[in-house]
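Below: one structure, written as structure tokens.
Every number in this text was worked out from the coordinates using simple rules, so none of it is lab data. As the structure is a computational prediction, the values presented were derived from the model and not from experiment. With ideal geometry, Cβ positions are generated from the backbone for all residues, glycine too; neighbour counts draw on all protein chains shown.
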């Protein structure tokens, strides 16, 4: 068994490797990357252009090259594949599981895709790929791989072991054997441990477990991820509406889904409206960031007009203006805290199905306690630094009100967005900040007019 090398990407190694590519030193490249995991090679190649990376991959084993290509980000892979001919891409497809092969082929033009499929060695794999291409990429059908081990209910343990051996080249990871009837309907699963420990003549019907969690092909990828997390599964079978076993989804694909979802929500929460990376074009980066910045500007202009409406109060008591940043910042922070907690909770789709009134009451109690502490802190600080008692009282009342209302707005907004099937992460960024800025100002000046 080959030993995996601990790979460290240093500046010195990067420069030597660049020289090796420029001089077309094949021996140096192969010795440098010997036993290095494909994921680390992918990280290394991000530092080189498409032509340089292609030269490196051409020197490596086809199986390693296939892993490297499938590890690339989608936008990078799409550009990268333009350097390969359909026949070269077909050699990589031959080494990939059907779900990864579909991910690769879906980024090609239809004509090129057909040319690649013509170069696939196995008619069975070609049929698997064509079957998977019809599913939406964000559904369970689009995530699943067709390669799996299944055993008929009436087989003996010996027959099951023979099937495992027959499929050893096609199925890279065997988590369990799925049990089906004569019509291919999923009945359950049997662990490898039970198969190994059972007598040869024992029937699969006598040792399989009927309690198997499965998903249908149309189920959304995020729901699949939730199910696998909830039941701590390494793989989950996929069935059609009749219950026929079609494929399986493994944990590595779900990790990708979770990572992509978290990245998307993080970008939305920071005001980036598209999936972009730092190495994308200036136009793409600008287009992704500008919409929410414009919304922020609009919110700022509305706030400015709001303040202008109370110009007489500001002229009469100039000190009022000193506390405007405090009110706005506190409202924004409280709103983001509340909405972020709700967005995290919404990852469990059943958490708000029961007891939503109880949860809102809990949010209210927390906001009242936080509001009282912050209001008391501001009142004491302002009083100690020689501020007016009346103004200190007004600012404290306003701050308390802002904390309570911003907390409720931050809690309710993602719930409303989720109800209308809009990504609730929108409520955790500039949207909630801008909204609470305006609400905070309205409360502040309302309290001023009421009490001064």
Original post:
Taking the alpha-carbon centroid of each part, what is the distance from segment 283-343 to segment 170-222 in angstrom?
Top reply: 57
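Using 0.36 nm per residue of separation minus the Cα-Cα distance, give me the extension gain between residue 241 and residue 106 in nm, one decimal. Walk me through the intermediate numbers first.
On the way: separation 135, 0.36 × 135 = 48.60 nm, distance 2.50 nm.
So the chain would gain 46.1 nm between residue 241 and residue 106.
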Subject >> Relative contact order, percent, segment 11-137 [alpha-carbon distance under 8 Å, six or more residues apart] >> reply: 20
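If you rank 379, 28, 400, 385 by fewest surrounding Cβ atoms within 10 Å, what's the result?
On the way: 379 20, 28 15, 400 23, 385 8.
Going from least to most buried by this count: 385, 28, 379, 400.
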**OP:** Calculate how many DSSP beta bridges within the chain are antiparallel, expressed in % of all such bridges and rounded to the nearest 5.
**Re:** 75
**OP:** For semi-axes √(5λ) of the Cα gyration tensor in Å, several values are listed as [x] 36, 35, 18; [y] 39, 23, 22; [z] 55, 31, 19; flag the one computed from this structure.
**Re:** [z]
Subject >> Extension gain (nm, one decimal) between residue 16 and residue 309, 0.36 nm per residue minus Cα-Cα >> reply: 98.9 nm
Original post:
With contacts defined as alpha carbon pairs under 8 Å and 6 or more residues apart, what's the relative contact order of the chain in percent?
Top reply: 11
Original post:
Does segment 282-451 classify as rounded, prolate or oblate by the C-alpha gyration tensor (a ≥ b ≥ c root eigenvalues; a/c under 1.5 gives rounded; else a/b over b/c gives prolate, otherwise oblate)?
Top reply: oblate
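Give the calculated FRET efficiency between residue 133 and residue 377 to the nearest 0.05, with a Förster radius of 45 Å applied to their Cβ-Cβ distance. Working shown, then result.
On the way: r = 61 Å, r/R0 = 1.35.
Calculated value: 0.15.
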Subject >> residue 197 versus residue 390: modelled label distance in nm, points set 7 Å from Cα along the beta carbon direction >> reply: 8.3
Original post:
Mind checking the angle between helix 430-451 and the chain's longest principal axis? C-alpha axes, 0 to 90 degrees, to the nearest 10.
Top reply: 20
Original post:
If you line up the long axis of helix 356-384 against the longest principal axis of the chain, both from Cα atoms, how many degrees apart are they, to the nearest 10?
Top reply: 50
